1. Which ³J(HN,Hα) values, rounded to whole Hz and listed in residue order, are derived for segment 85-101 from phi using the Karplus coefficients 6.51, -1.76 and 1.60 in 6.51 cos²θ - 1.76 cosθ + 1.60 with θ = phi - 60°, glycine and proline given as x?
2. Using a 1.4 Å probe, what is the accessible area per residue for the chain, in Å²?
3. Helix-only estimate, please: 222 nm mean residue ellipticity of the chain, summing -39500 (n - 2.57) across DSSP H runs of length 4 or more and dividing by its residues, to the nearest 500.
4. If you find the alpha carbon centre of segment 78-93 and of segment 179-233, how far apart are they in angstrom?
5. From the backbone phi of segment 105-118, what are the Karplus-calculated ³J(HN,Hα) couplings (6.51 cos²θ - 1.76 cosθ + 1.60, θ = phi - 60°) in whole Hz, Gly and Pro given as x?
6. Distances longer than 23 Å among the Cα atoms of the chain: what percent of all pairs is that?
7. List the residues, sorted by chain then number, that are 5 or more residues from Lys72 or on another chain and whose placed amide H is less than 5 Å from its amide H.
8. Tell me which aspartates and glutamates have Cα within less than 14 Å of Lys55's Cα, excluding those fewer than 8 residues away on the same chain?
Amino acid sequence: MAGKKAKAKAAPEPTKVKATSNGGPLTIALPRGRIFDEALPLFKKAGMDLGAADKPRAGRKLIIPIPEQNLKVLIVRDADVPAYVEHGAADLGIAGRDVLEEQDRDLYEPLDLGIGRCRMVVAEPEDHPVDEMAMVHLRYATKFPELTRRHLQARGVVAEVIKLYGSIEIAPLVGLADRIVDLVSSGETLRQHRLREVETILEVSARICVGRAAAKLRSDRIDDLVARLRAVI
Ligand code: PRP
C-alpha cells in the first residue's frame, strides 16, 4: 500500500485480528464532531458521498450502510477509532494524530487529511510560571499521559502525570497541577483561564489509519480510497 508507515514493533499481534469480509462494504470508523464535519466534504469531493452518516439523516444510528458506494460507516468515539481499526472491526478509520500517537498502536497511516488541525501544548498559569530548575515536585494534568511522559522524558524533567478526561484547563487553577498538556485550537480556552503557552509539543491533524489485516486483504479498495482522497486534499 502506498505511503504506509510500517511499524517494527515487538508488541504481540492482537488475537482475532480480522478484516471485514472481502467483497463486502469497506468499513470506516469515524468520530462525530470536527473531524466528521471536515471529512464529509473531502470525501464528497473525492466522489464518496457519506451524507447518509450525517447526524440529521442518521439520527442515533451508529452503523450506517451506504450500499451505493459499497461502504459502511461506524460512528465511534475519537479515542476508540484505533481500537476498531487495529482489531479489524473497521477496515480503516480517521483519527487525530494526538490520539494515534498517544495510543501508538500497530496501524498504518497512509494519508494525513490536513483536517481537524490544532496543536498540543504545554501551558501554565500566567501568574504562576513553573521554574523547571527549582527541583520541586511538578504535576502535569492531561488527557494524553503517554505523550506527556515521552515529552518530559525527552526534556529530562521528572514530574508526576495526572490523567484527566476533560476540562483540563481548570487543573492548575484549583491546585491539582502545575501545568497542563492539552489541545489548543483558537486559544480562547487558555485565554479565558489566564493560562499561557509554554511550548508546542505536537502539530495535530487527522489521518487515515488502516489495520494490518485490512492493509493486506483489502489493499485494492483502500489504495483506491486513499488515492482519491489524496487527489483532493
Ligand atoms: C478542547 C481542548 C481545549 C479546547 C481548545 O476541549 O481540550 O479545552 O478544546 O479549544 P480552543 O483553543 O479553541 O479554546 P474539548 O472541547 O474537546 O473539551 P474537553 O475540555 O472536554 O476536552
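1. Computed from phi, the couplings for segment 85-101 are 6, 4, 8, x, 6, 10, 6, 8, x, 10, 9, x, 4, 4, 5, 5, 6 Hz.
2. Numbers: 11950 Å² over 233 residues.
Value for the chain: 51 Å² per residue.
3. Rounded to the nearest 500, the figure is -7000 deg cm²/dmol.
4. Value for the Cα centre distance between the two parts: 15 Å.
5. So the J values, rounded to whole Hz, are 7, 8, 10, 8, 10, x, 8, 8, 7, x, 10, x, 6, 6.
6. Numbers: 14201 of 27028 pairs.
Across the chain, Cα pairs with separations above 23 Å total 53 percent.
7. Under 5 Å from the amide H of Lys72: Leu26, Thr27, Ile28, Ile66.
8. Within reach: Asp37, Glu38.
The values are calculated or read from the model by the stated rules, or taken from the named source; none is laboratory data. Not measured: the values here are computed from a predicted model. We work out accessible area using only protein heavy atoms, side chains counted, and drop any ligands, DNA or RNA first. Shrake-Rupley method; radii C 1.70, N 1.55, O 1.52, S 1.80 Å.
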